[in-house]
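K.L.:
Right, I'll just put the structure down here and ask away after.
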Amino acid sequence: MDEEPLLFFVDIALLFILAELMVLGFLRFKGLGRMSIVDVIGHLSAGALLLLTLRALIRGWEMVAFACLLASFPAHLLDLQRRWRRPGKEVGQPADDRG
């Protein structure tokens, strides 16, 4: 199986994450963004590290893939901690179903 198309799509997704980081950072710099830079990095780094894991696996770099996968775990924990830290103020908070 040819790996180049797969790598192309992974690279496109990584470029979108980089563009999102730049836009959100710029909005935060201008005072228009509501998310702190730590929240932005927490949200984006987890996904970016998983994409890097996928890219390394496609290339056959198992040790690099393992390192990226290990690094994604604390990034996911940071993301979860930042999302649940301030209930009611974060996008993605589950609805209160108690009636």
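K.L.:
When ranked by the protection proxy of mean other Cβ atoms within 10 Å per residue, highest first, what sequence do the peptides 33-43, 8-18 form? Kindly include the intermediate steps, with their values, before the conclusion.
P.N.:
On the way: 33-43: 16.2, 8-18: 13.1.
Sorting 33-43, 8-18 by mean packing, highest first, produces 33-43, 8-18.
K.L.:
Separate question: For region 1-62, what mean projected area does the convex hull of the alpha carbons give, in nm²? Working shown, then result.
P.N.:
Values: hull surface 17.7 nm².
Spelled out: convex hull of the Cα atoms, projected over all directions, averaged, 4.4 nm².
K.L.:
Starting from the Cα-Cα distance between Gln81 and Ile37, subtract it from 0.36 nm times their residue separation and give me the gain in nm to one decimal. Show your work: numbers first, answer last.
P.N.:
Working: separation 44, 0.36 × 44 = 15.84 nm, distance 1.45 nm.
The Gln81-Ile37 span can extend by a further 14.4 nm.
None of the figures in this text is laboratory data; all of them are computed from the coordinates on show. The structure displayed is predicted, hence computed values, not measured ones. Don't worry about glycine lacking a Cβ; one is built from the backbone with ideal geometry, like all the others, and counts go over all protein chains shown.
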